[in-house]
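Below you'll find the structure, written out as structure tokens, and then a few comments.
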Amino acid sequence: MSKDMKFLVVDDFSTMRRIIKNLLIDLGYPNVAEADDGSTALPMLQSGQFDFLITDWNMPGIPGLELLKAVRADARLAKLPVLMLTAEAKREQIIEAAQAGVNGYVIKPFTAATLKEKIDKILEARTNAA
Amino acid sequence: MSSTLQQEYGSIVATLSDALAAGDDALFLAELDGLVRRREIQLFGELRKLTIDLQTALDRFRVDSRLVDLAEKEVPNAKHRLDHVLKLTDEAAHRTMDLVERCGPLAERTAQQAGGIVESWRRFRRREIQIDEFQRLVLRMDGFLDTARNDMEAVRGNLAEVMLAQGYQDLSGQIIRGVMNLVGELEVALVELVRLSKTGAAAPKRHSDDQQRGFGPIIPGIDNGPAVSGQQDVDSLLAGLGM
């Protein structure tokens, strides 16, 4: 994995997508695409050669949890690193996301340091597993 | 004749008939009075029930017409108002980020130019500088001071605009308060309607759907069940699950 990694940021709020995109660029990941919900994101993921998915939970259309399940159910995407970045903070939701195969979970409001830490950790685990 | 009527009136009619045959006027009249009173009590009961029903219908009509008003005018209005709040916050966030993005390169240019001068300046301070390098330093310093002043003036202007852009909070706050009042009124009308309808069975919970779709941010004072209090809490929860 390198800084050329291709990220997909999925959030229904364009301001949040912009904030995440800017933070990723600051972290040295300039290759970032955006989608505004799961139904737009899924076809992009299926054809777009993405290396990392950052998704919100609460979105119109297909919400984040359903997107995560769809990703895990697709043989070509099953191993894609998925970080959930959401305001959803109920314990049972976090457990459900973990059971659905999420690789990291960050709650909003978040800091740049937390985002970096979680991305690094996920990528580190990927490298060790490879 | 049905058995209920037979049971209720059989003995009275028999007594009346017997009293009439026996010429017992007093017993006949007393029994007849009793019969009339009994019918009156039933009639008043029915009348009272009718009156209550009429009152409920009138109350319900009053609540219904307010609800119709709320549903037809005020709720769509509230949706527009909240849409406007979304638009205001969206615009303010983008405006702020535009301004911050414009400040970045200006600050970077100042830092870079200062970095380019600092080494020559230190040599000058240590009296180790040659005359031609000094002349170049003075020229660069002239350029730097002009650029830095212009750049920092622009940054200052941008920062003032960032401050102004936060004015959306005042406007959106007022709109949200108006919608909160409407929600309060709607709640009162609905509670009143439920009371009048006396629908005992509660509507089925949409728990699983909410769970799937999400609840939105935790709002202090609104309890949606056990929630984490911050990122540390999330991390320890996930660590407990082996992640």
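No lab work stands behind these numbers, since they all come straight from the coordinates. The structure presented is a predicted model; accordingly, all values stated were derived computationally and were not measured. Using ideal geometry, Cβ is built from the backbone for each residue, glycine included, and neighbour counts are taken over all protein chains shown.
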What residues qualify as long-range amide H neighbours of residue A:34, i.e. H under 5 Å apart, gap of 5 or more or another chain, H built at 1.01 Å from N? A:9
Give the distance, in whole Å, between the Cα centre of the range B:72-106 and the Cα centre of the range A:57-96. 27
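Span-like helices, chain A: DSSP H, alpha-carbon axial extent 15 Å or more, mean Kyte-Doolittle -0.5 or greater, which ones?
Correct list, ordered by number: A:14-26, A:112-129.
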Hull surface over four for the Cα convex hull of the range B:10-64, reported in nm², is 4.3
The range B:108-158, Rg to Rh (Cα coordinates; Rh as Kirkwood inverse mean 1/r): 1.08
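What number, rounded to the nearest 500 deg cm²/dmol, is the helix-based mean residue ellipticity at 222 nm of the protein assembly as shown, given -39500 (n - 2.57) per DSSP H run of at least four residues and division by all its residues?
-24000 deg cm²/dmol
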What average count of beta carbons from other chains do you get within 10 Å of the Cβ of residues in A:82-88? 3
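Taking neighbour Cβ counts within 10 Å as the exposure measure, how do A:37, B:59, B:170 sort from fewest upward?
Sorted ascending by nearby Cβ count, the order is B:170, B:59, A:37.
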What residue among B:99, B:110, B:121 has its Cα farthest toward the positive end of the dipole of the range B:89-128, where the charges are +1 on Lys, Arg and -1 on Asp, Glu, each on the Cβ? B:121
Can you give the average number of partner chain beta-carbon atoms within 10 Å of each beta-carbon in peptide B:232-241, as a whole number? 4
Taking each pair of different alpha-carbon atoms in the range A:75-130 once, compute 1/r for the pair, average those values, and report the inverse of that mean as the Kirkwood hydrodynamic radius in Å to one decimal. 12.1
Suppose a student asked you for the relative contact order of chain B, using Cα pairs under 8 Å spaced at least 6 residues apart; what percent would you report? 26
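Among the trypsin sites (Lys or Arg not before Pro) in the range B:68-155, which ones are in a DSSP loop with at most 12 other Cβ atoms within 10 Å of the Cβ? Mind listing them?
Qualifying residues, ordered by number: B:126, B:127.
Return a whole-number percent for the relative contact order of chain A, with Cα pairs under 8 Å and 6 or more residues apart as the contact set. Show your work: numbers first, answer last.
Details: 202 pairs, mean separation 27.6, N = 130.
After rounding, I find 21 percent.
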Taking N as its residue count, the alpha carbon Rg of the range B:24-104 over 2.2 N^0.38 Å: 2.89
Convex hull over the Cα atoms of the range B:113-205, averaged projected area in nm²? 12.3
Out-of-range pairs (alpha-carbon distance over 21 Å; input A:21/B:79; A:69/B:79; A:90/B:87; A:116/B:87; A:6/A:90; A:90/A:118): A:21/B:79; A:69/B:79; A:90/B:87; A:116/B:87; A:6/A:90
Compare B:85, B:63, B:13 in a GNM of chain B, Cα atoms joined below 10 Å, and give the one with the largest fluctuation. B:13
Once both axes come from the Cα atoms, what is the angle between helix B:75-125 and the longest principal axis of chain B, in degrees from 0 to 90, rounded to 10? 20
Largest first, please: the extent of the C-alpha atoms of the protein assembly as shown along each principal axis, to the nearest Å. 151, 51, 35
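Can you compute the FRET efficiency between residue A:99 and residue B:194 using 1/(1 + (r/R0)^6), with r the Cβ-Cβ distance and R0 = 25 Å? Round to the nearest 0.05. Display every interim value, and only then the final one.
On the way: r = 38 Å, r/R0 = 1.50.
Once the sixth-power term is evaluated, E becomes 0.10.
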Taking the Cα centre of the protein assembly as shown as the origin and placing charges on Cβ (Lys, Arg +1; Asp, Glu -1), which of B:176, B:188, A:54 is farthest toward the positive end of the dipole? A:54
Whole angstrom only: what separates the Cα centroid of the range A:4-48 from the Cα centroid of the range B:121-188? 28
Over the range A:38-84, calculate the relative contact order: mean separation of alpha carbon pairs under 8 Å at least 6 apart, over the residue count, as a percent. 47
Per the Kirkwood treatment, what hydrodynamic radius in Å, one decimal, follows for chain B from the mean inverse distance over all distinct Cα pairs? 28.8
For chain A, what mean projected area does the convex hull of the alpha carbons give, in nm²? 7.2
Could you calculate the contour length gain from residue B:61 to residue B:40, that is, 0.36 nm times the residue separation minus the distance between their Cα atoms, to one decimal place in nm? 4.5 nm
Other chains' Cβ within 10 Å of B:225-231 residues: what's the mean? 6
Ranked by Cβ crowding within 10 angstrom, fewest neighbours first, how are B:155, A:32 ordered? B:155, A:32
